[in-house]
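Visitor: My questions all concern the structure below.
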Amino acid sequence: MPFIELQSNLPASSFSEEFLKKLSSCAAAALEKPVERMNVVVKPGLPMLIAGSSSSCVMLSVSAIGVTDTADKNKEHSAKLFAFLTRELGLTEERIVIVFHALQPHQVGKKGTVMSFL
């Protein structure tokens, strides 16, 4: 059950429902998880700086169980996600930062329990 959170200073109009669906599909494919398990949040229009500049930018947070726990895995995920974001949003790689979080099953609640018991 991956969690994708995109924060950006781009306006809300940059993030259509179609974009959210494409982001979900891209992340699902990159993480090798079913799209039905993806959770995606986009927070547009934020005051942001990357590398001291307020030019258009994105910070992407990727949290998941079992697929974001090594440098080799995250290098592969990063390449796929950067390709998507640069293509879809017209940003350069320098204006995008991705943070990976390795979750444990006991850290994710669902259906009144945690993933350890599902």
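Visitor: Of all accessible surface on the range 1-76 at a 1.4 Å probe, what whole percent is carbon and sulfur?
Guide: Answer for the range 1-76 is 53 percent, counting heavy atoms of protein chains only.
Visitor: Could you work out how far helix 17-31 tilts from the main Cα principal axis of the chain, as a 0 to 90 degree angle to the nearest 10?
Guide: 60 degrees
Visitor: Just to confirm the number: angle between the C-alpha axis of helix 71-89 and the first principal axis of the chain, 0 to 90 degrees, nearest 10?
Guide: Orientation of helix 71-89: about 40 degrees from the principal axis.
Visitor: Taking the alpha-carbon centroid of each part, what is the distance from the range 46-118 to the range 1-15 in angstrom?
Guide: The range 46-118 and the range 1-15 have Cα centres separated by 11 Å.
Visitor: At 1.4 Å probe size, with every protein chain present, just tell me what the per residue accessible area of the chain comes to in Å².
Guide: Spelled out: the 1.4 Å probe surface of the chain, per residue, equals 57 Å².
Visitor: Out of 113, 100, 28, whose Cα points farthest toward the positive end of the dipole of the chain (charges: +1 Lys, Arg; -1 Asp, Glu; placed on Cβ)?
Guide: It is 113.
Visitor: How much net charge surrounds residue 73 when only the other residues with a Cβ under 14 Å from the Cβ of residue 73 are counted, with Lys and Arg +1 and Asp and Glu -1?
Guide: Charge balance in the 14 Å sphere: -1.
Visitor: Right, here's the next one. Straight-line reach from residue 21: which lysines have Cα under 18 Å away, leaving out those fewer than 8 places along the same chain?
Guide: Residue 21 reaches 33, 43, 80.
Visitor: May I ask for the Kirkwood hydrodynamic radius of the chain, worked out over all distinct Cα pairs and given in angstroms to one decimal?
Guide: Answer for the chain: a Kirkwood hydrodynamic radius of 14.8 Å.
Visitor: Sticking with this structure for a sec: Roughly how much of residue 82 is accessible, in Å² to the nearest 10, using a 1.4 Å probe?
Guide: About 30 Å², ignoring ligands and nucleic acids.
The values are calculated or read from the model by the stated rules, or taken from the named source; none is laboratory data. Predicted, not measured: the structure shown is a model, and the values here were computed from it. Heads up, the Cβs are rebuilt from the backbone with ideal geometry, glycines too, and the neighbour counts pull from every protein chain shown. SASA here: full protein model, heavy atoms, side chains in, ligands and nucleic acids out. Shrake-Rupley method; radii C 1.70, N 1.55, O 1.52, S 1.80 Å.
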